[in-house]
Amino acid sequence: MKKPIIIDTDPGHDDAFAILAAIASADELDLLAITTVAGNVPLDKTTYNALRLRELVAALEIPIYRGCARPMVNELVTAEYVHGETGLDGPHLPEPTKGIEDGHAVDYLVDTLMAAADRAVTVCLIGPMTNMGMALVKEPAVADKIAEFVIMGGSFHAGGNVTPTAEFNVYVDPHAVHVVFTSGVPMTILPLDVTHQAQATKPRVAAFRSLGDPVGDVVSAMLDFVEKFDVSRYGFEGFPLHDPTVIAYLLEPEIFQGRPAHVSVVVEAGAGHGMTIADWWDQGGSGHNATVMMSLDADRYYELLTERLARF
Ligand code: RIB
Ligand code: CA
């Protein structure tokens with residue numbers, strides 16, 4: 001039984017790996033659509049990048065919907081300093097031969113989810129959560145239709161990557177994160193705590209490069225470009241592939257180890273803006289609303305990604 005999923009994304013180098021890995025796993029994941037959001041770069045570029053990635057692997061049957069151009073309340077903050085001006089600097093990617101679908105991504109989310117059975121669709125959130133937040137505001141009943149949110153975002157013991165307390169996806173639109181976190185939908189969260197343990201070291205990049213044309217050349221060129229910021233700031237051995245952890249969790253959850261928590265987010269401006277808080281012991285009496293992954297088998301993670309990308 002294939003798992004119906006929607007990927008909401010701001011490609012972005014690591015988003016690209018997640019999208020390609022999901023498309024390569026068509027025997028297990030039924031990728032209903034890709035919805036784009038402003039984040040790593042502005043919406044026109046994240047949408048263009050999604051179209052180019054789809055073209056790269058000739059997956060033109062997968063619809064792409066253009067979403068929100070800015071956060072619900074705050075001004076847009078982007079990350080060209082990590083991903084470059086295009087949002088996918090490094091590789092050569094093909095020009096799209098097919099465009100986006102008619103209609104806004106928020107309306108696609110509402111219409112598709114409301115037409116689904118209860119708890120039928122898994123929504124993968126790997127960028128700022130503006131589209132899903134707006135969909136929940138427009139039609140709160142969509143919450144009953146979602147099997148699970150699988151989220152790359154937040155940080156609990158690892159510090160932030162935008163401020164000392166905030167991870168990028170949450171920092172950009174904390175109000176949307178609040179709507180998502182309080183929706184009542186079961187959540188699995190892959191925060192920086194686990195993604196920082198998944199660095200694209202040289203041997204791992206070499207394994208991707210050995211896949212050759214078309215995907216191996218592209219994804220290894222992506223990593224050659226995007227590692228600069230994280231290596232210089234954190235002294236990492238390579239770029240941490242944040243977003244594909246969401247797809248790897250869906251394919252082989254045993255790669256990850258986590259624990260239940262009640263998670264919440266700080267939306268107020270100031271030093272805590274975008275901080276995610278885990279009440280591990282339910283001290284607030286609200287019960288747990290998420291499983292938060294805190295470690296992984298990084299070697300198996302990269303083996304899985306390499307195996308799947310080799311399918312193209
Ligand atoms: O903090 C990492 C997250 O922010 C990833 O999703 C990356 O693509 C950026 O969107
Ligand atoms: Ca992303």
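Tell me, which residue of segment 139-159 that is assigned to a strand (DSSP E or B) and within 26 Å of H273 (Cα to Cα) is farthest from ligand 2 (Cβ to nearest atom)?
Step by step, filter segment 139-159, then rank; the result is E148.
Please go through segment 228-245 and give me each residue that is more than 16 Å from ligand 2 (Cβ to nearest atom) and either in contact (Cβ under 8 Å) with a residue 12 or more places away in the chain or not in a loop (DSSP other than H, G, I, E, B) (or both), ordered by number.
Within segment 228-245, K228, V231, S232, R233, Y234, F236, E237, G238 meet the criteria.
Examine segment 193-203 for a residue that is in contact (Cβ under 8 Å) with a residue 24 or more places away in the chain, surrounded by fewer than 18 Cβ atoms within 10 Å (Cβ to Cβ), more than 30 Å from G270 (Cα to Cα) and among the charged types (D, E, K, R), and state whether such a residue exists.
yes
Find the residue count for segment 274-312, including only residues that are among the charged types (D, E, K, R) and assigned to a helix (DSSP H, G or I).
Residues meeting the conditions: 5.
Which residue is surrounded by the fewest Cβ atoms within 10 Å (Cβ to Cβ), if the candidates are limited to segment 148-166 and must be away from ligand 1 (no atom under 13 Å from the Cβ) and under 17 Å from the mean Cα position of the chain (by Cα)?
The extreme case among them is E148.
Can you list residue pairs whose Cβ atoms sit under 7 Å apart, with the first residue in segment 277-296 being at positive phi and surrounded by fewer than 19 Cβ atoms within 10 Å (Cβ to Cβ) and the second being not charged (D, E, K, R) and not in a strand (DSSP E or B)? Count only pairs 6 or more apart in sequence or on different chains.
Going by the 7 Å Cβ cut-off, the qualifying pairs are D282/H288.
Among the residues of segment 180-200, count how many are outside any helix (DSSP H, G or I), more than 12 Å from ligand 1 (Cβ to nearest atom) and within 16 Å of I277 (Cβ to Cβ).
Result for segment 180-200: 3.
For segment 167-179, check the following and say yes or no: at least one residue is more than 15 Å from ligand 1 (Cβ to nearest atom), in a helix (DSSP H, G or I) and among the polar types (S, T, N, Q).
No, segment 167-179 contains no residue that is more than 15 Å from ligand 1 (Cβ to nearest atom), in a helix (DSSP H, G or I) and among the polar types (S, T, N, Q).
Residues checked against (1) touching a Lys or Arg at 6+ places or on another chain (Cβ under 7 Å); (2) free of Cβ contacts under 8 Å to residues at least 40 places away in the same chain; (3) away from ligand 1 (no atom under 13 Å from the Cβ); (4) in a loop (DSSP other than H, G, I, E, B):
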{"position": "P4", "(1), (2), (3), (4)": "no, no, yes, no"}
{"position": "F17", "(1), (2), (3), (4)": "no, no, no, no"}
{"position": "A33", "(1), (2), (3), (4)": "no, no, yes, no"}
{"position": "A59", "(1), (2), (3), (4)": "no, yes, yes, yes"}
{"position": "Y65", "(1), (2), (3), (4)": "no, no, yes, no"}
{"position": "N74", "(1), (2), (3), (4)": "no, no, yes, yes"}
{"position": "P91", "(1), (2), (3), (4)": "no, no, yes, yes"}
{"position": "K98", "(1), (2), (3), (4)": "no, no, yes, yes"}
{"position": "V110", "(1), (2), (3), (4)": "yes, yes, yes, no"}
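So, Y249, is that one touching a strand residue (DSSP E or B) at 6+ places or on another chain (Cβ under 7 Å), part of a helix (DSSP H, G or I) and either in contact (Cβ under 8 Å) with a residue 60 or more places away in the chain or buried (at least 21 other Cβ atoms within 10 Å of the Cβ) (or both) or not?
yes
Using the structure shown, decide if V219 is within 16 Å of ligand 2 (Cβ to nearest atom), among the aliphatic types (A, V, I, L, M) and either under 25 Å from R52 (Cα atoms) or surrounded by fewer than 24 Cβ atoms within 10 Å (Cβ to Cβ) (or both).
Considered against the rule, which asks whether it is within 16 Å of ligand 2 (Cβ to nearest atom), among the aliphatic types (A, V, I, L, M) and either under 25 Å from R52 (Cα atoms) or surrounded by fewer than 24 Cβ atoms within 10 Å (Cβ to Cβ) (or both), V219 comes out as yes.
Of all residues in segment 83-131, which are out of contact with any strand residue (DSSP E or B) (no Cβ under 7 Å at 6 or more places or on another chain) and buried (at least 23 other Cβ atoms within 10 Å of the Cβ)?
H83, G87, L88, V106, P128, M129, T130
Each value in this text was obtained by applying a stated rule to the coordinates, not by laboratory testing. All of these numbers come straight from a predicted model, not from anything done at the bench. Every residue, glycine among them, receives a Cβ derived from its backbone with ideal geometry; neighbour counts consider all protein chains shown.
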